[in-house]
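Notes to accompany the following structure.
The values are calculated or read from the model by the stated rules, or taken from the named source; none is laboratory data. Just so it is clear, the structure is predicted and the values come from calculations on it, not from any experiment. Here Cβ is always computed from backbone atoms with ideal geometry, including for glycine, and neighbour counts include all displayed protein chains. To get the accessible areas, we keep the full protein, side chains included, count just its heavy atoms, and leave off ligands, DNA and RNA. Shrake-Rupley method; radii C 1.70, N 1.55, O 1.52, S 1.80 Å.
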Amino acid sequence: MTKVTAQYQRPLIISRDTQRCGGDRAARTPPGQTITRKWPVLHFGSAPHIDRDAWGLRVWGLCENPYTLSFDEFMQLPQVDVKCDIHCVTHWSRLDNIFTGVQTKTLIALAKPKPEASFVLQHAASEPGGDFTVNVPLEEFTQDDCILAYLHDGNELAAEHGYPVRGIVPRLYFWKGAKWITGIELRDTDAPGFWEQNGYHMHGDPWAEERFGW
Ligand SMILES: Nc1nc2c(c(=O)[nH]1)N[C@H]1C(S)=C(S)[C@@H](COP(=O)(O)O)O[C@H]1N2
Ligand SMILES: [Mo]
């Protein structure tokens, strides 16, 4: 008798920009970027050490069904692997990352956004006890390659890279994904997040080099 073991295979989504020019490494690296193999750590303040069992994700604002998820509940949602390139505004890029998590479009659909919802603010735990935020247009936040990730290349995120869960918005500079994400707020107006208030661009398209200034 053959023993059949069900293997749950996550769908693999290759990010739009990773497919540019047939995936040619130089051609898919935006202007002003240099490829690195390391994964640098960048954030304001010190990395919070979050207890995964105490972590929660709250989705609220302009929606019919605001909700909060525990990590276990988050893990029960359908997951995907996303292959994407990281482009940091400080000029390094790291190609061919595999992030695993839940698509933001799944999380947003669960909240039933109101028609006027057109921007999100990601909120994150940060030290000391402050609220880190980053703003993204809702349409770009709900692309199929945009996820809240808990694995990178198959490994749990290190504390300094956003454990337990971080936002990944592959089509924009990497600062547009909040590490240690704890909330998604649906809004009708754009509002500058933490780095945007400190001079970073409101939008952050690496192909247009939207680095600083609005
Ligand atoms: N919570 C939080 N998320 C954040 C930041 C931060 O200061 N706090 N910095 C952003 C910036 S500027 C960058 S470049 C990336 C860096 O992610 P990494 O340290 O995993 O490379 O995280 C982004 N997410
Ligand atoms: Mo950054």
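Six or more apart or on different chains, Cβ under 6 Å: which pairs go from a residue in the range 38-61 that's in a helix (DSSP H, G or I) and open to solvent by 40 Å² or more (accessible area, probe 1.4 Å) to one that's within 14 Å of ligand 1 (Cβ to nearest atom) and of a type in the set (Asp, Glu)? Could you list them?
none
Identify the single condition in (1) under 25 Å from His201 (Cα atoms); (2) assigned to a strand (DSSP E or B); (3) open to solvent by 40 Å² or more (accessible area, probe 1.4 Å) that Ile98 does not satisfy, given that it satisfies every other one.
Failing condition for Ile98: (1).
Is it true that Gly183 is out of contact with any Cys (no Cβ under 7 Å at 6 or more places or on another chain) and open to solvent by less than 10 Å² (accessible area, probe 1.4 Å)?
The answer is yes for Gly183.
May I ask you to say which residue of Phe194, Phe212 is in contact with a Gly (Cβ under 7 Å, 6 or more places away or on another chain), open to solvent by 40 Å² or more (accessible area, probe 1.4 Å), hydrophobic (A, V, I, L, M, F, W, C) and within 16 Å of ligand 2 (Cβ to nearest atom)?
Phe212
Answer yes or no as to whether Leu148 is outside any loop (DSSP other than H, G, I, E, B) and closer than 30 Å to Ile35 by Cα.
yes
How many of the residues making up the range 62-95 are within 16 Å of ligand 2 (Cβ to nearest atom), open to solvent by less than 60 Å² (accessible area, probe 1.4 Å) and part of a loop (DSSP other than H, G, I, E, B)?
Looking only at that region, the number is 2.
Look at Ile108 and say whether it is under 24 Å from Phe174 (Cβ atoms), of a type in the set (Val, Ile, Thr) and touching a helix residue (DSSP H, G or I) at 6+ places or on another chain (Cβ under 6 Å).
It is false that Ile108 is under 24 Å from Phe174 (Cβ atoms), of a type in the set (Val, Ile, Thr) and touching a helix residue (DSSP H, G or I) at 6+ places or on another chain (Cβ under 6 Å).
Hey, could you check the range 191-207 for residues that are assigned to a helix (DSSP H, G or I) and aromatic (Phe, Trp, Tyr) and say which is farthest from ligand 1 (Cβ to nearest atom)?
Trp207
Six or more apart or on different chains, Cβ atoms under 7 Å: show the pairs whose first residue is in the range 188-208 and of a type in the set (A, V, I, L, M, F, W, C) and whose second is at pLDDT below 95.
Close Cβ pairs (under 7 Å, with a partner that is at pLDDT below 95) amount to Phe194/Phe44; Phe194/Phe132; Met202/Trp214.
Applying the selection to the range 165-190, what residues are part of a loop (DSSP other than H, G, I, E, B), more than 16 Å from ligand 2 (Cβ to nearest atom) and either touching a strand residue (DSSP E or B) at 6+ places or on another chain (Cβ under 6 Å) or of a type in the set (Val, Ile, Thr) (or both)?
Those that are part of a loop (DSSP other than H, G, I, E, B), more than 16 Å from ligand 2 (Cβ to nearest atom) and either touching a strand residue (DSSP E or B) at 6+ places or on another chain (Cβ under 6 Å) or of a type in the set (Val, Ile, Thr) (or both): Val165, Thr189, Asp190.
So in the range 136-179, with the set limited to residues that are among the acidic types (Asp, Glu) and either out of contact with any Ser or Thr (no Cβ under 7 Å at 6 or more places or on another chain) or under 19 Å from Thr90 (Cα atoms) (or both), which one is most open to solvent (accessible area, probe 1.4 Å)?
Glu139
For the range 27-37, which residues satisfy the criterion of being open to solvent by 80 Å² or more (accessible area, probe 1.4 Å) and either among the polar types (S, T, N, Q) or more than 18 Å from Phe174 (Cα to Cα) (or both)?
Thr34
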